[in-house]
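Reading through the structure tokens given below for one structure.
What follows is calculated from the coordinates using simple rules that are stated; it is not laboratory data. All of these numbers come straight from a predicted model, not from anything done at the bench. Virtual Cβ from ideal backbone geometry, glycine too; neighbours counted across all protein chains shown.
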């Protein structure tokens, strides 16, 4: 197989490990802390997770582990959207198993959780693993979004694990996937099985984190990939001096990516969904904010700029959120009838008596193409597919109308030309940064130690991540500790709580302190491409968000 020079060099890279994991495999022991509680709904969750609730935090230390050389059979699942570094989680897990016992076997379930349900596997070998070390993507076994939630799916998962004589299942995924891991761990024990379940924290969105999970893997690489592209557009805008670039970025439930990219590139405007929701801003008020920057910059002769927009913005604007909720309910209640109509006008007529008048007026006044995007096929859970709503184009059209009115009244004297972009898939499978390469390998190796130590219902944890890798602290966090109850599909469901941008935390405050200057003065920063070779201060640094959070 022909490979690029970079890929060849990445194959040769040896990931760095914390001291607790780089010691002799016979000298890694587990230190347990005090019992834990969930972040909310403690009594209800204790009843749901009768066996696994309240487990202690664990940290790895120097000591004796009498079970480290057990021959093990483990299955691993890549679940949900891709994130740079997933291959290294598998490589770290594989290397740990083989160091413990050369006869241990690691199976990859093909196509995500569905592979566990249907018993579709690949047995990893040195040759397979070596082909994917330090590379991006999930193509080693593929991923999937199947949720293990019905009694039949749980039973089939246990049956597969028994047929393969597995000692453990490792689920590499985000908050929903690791909620599945917690439920699966509980179910196996309820059924009298000692098959363990361990999770690993993955999502480029950055919303799976807490005190002990400082970041989810892939966030570092994705943000640096997007920031390079944003920096390129900033340089182009500053050269041509005639375009405003409206850039939508991944992040439906949280604005971590937008905030991190803003800290790296210093755009003129970065909208933070959580702030807009907290202030109760309308769509019109958001457009006013954008226009204010454009008008001020035009007064300085700068008819160009950069606007960053989180993917999930519309769900945080109160009247738009209400519109989406009403549409979801109305269409779910008459899906077959709704599907019979072909045109937007027919859909609008059908909806007029089924949603509130304010919501109907918003929908009717949207640009026809955007209105149609709100009415497209729902996702498997009956919700609007927010990523397909071209918020960046909606804002451009609304800004253009406001500027036209401002020009007519003599307030705006500039020229407005805009281009729309959506950076999403570009960042999900990039070559992982050195940080994600090392972090993911450590997470996989840590998952092996959790398994060989007989633990279940844990999320692999590596923290102290702003220090050099050798000083990182590896261990495990009980999955139930991260959970609360949320209303989903008409019932209260246990889920891992998403971590949103905290407006009182240092990263947002740092951004907020500078944005008024950025809005008027061209203050662009150009991060450039990801660097893999060179001094640590260039190649091994974590995100600005993580540094600011850890500086508290």
Note on the stretch 94-242: alpha-carbon gyration tensor, axes a ≥ b ≥ c; rule is a/c under 1.5 for rounded, else prolate if a/b larger than b/c, else oblate; result prolate
Relative contact order for the chain using alpha-carbon pairs under 8 Å, separation at least 6, rounded to a whole percent?
24
Cα centroid distance between the stretch 202-277 and the stretch 284-331, in Å?
16
Ratio Rg/Rh [Cα only; Rh per Kirkwood] for the stretch 265-379
1.07
Is the shape of the stretch 234-301 rounded, prolate or oblate, going by the alpha carbon gyration tensor and its root eigenvalues a ≥ b ≥ c, with a/c under 1.5 for rounded and a/b larger than b/c for prolate?
oblate
Global geometry of the stretch 312-389, whether rounded, prolate or oblate, following the gyration tensor of its Cα atoms and the 1.5 cut on a/c
rounded
Report which label in (1) 80, 58, 49; (2) 79, 60, 43; (3) 88, 49, 48 holds the value of Cα extents along the principal axes in Å derived from the coordinates of this structure.
(1)
Before anything else, pin down the relative contact order of the stretch 312-389: Cα pairs under 8 Å, at least 6 apart, normalised by residue count, whole percent.
34
Expressed as a whole-number percentage, the relative contact order of the stretch 426-497 with C-alpha contacts under 8 angstrom and at least six residues apart is 21
Which order do peptides 131-141, 42-52 fall in by mean Cβ count within 10 Å, highest first?
131-141, 42-52
Highest mean first, what order results for 75-87, 388-400, 265-277 on Cβ atoms within 10 Å?
75-87, 265-277, 388-400
Relative packing of 234-246, 118-130, 328-340, 469-481, which averages over residues the other C-beta atoms within 10 Å, highest first:
469-481, 234-246, 118-130, 328-340
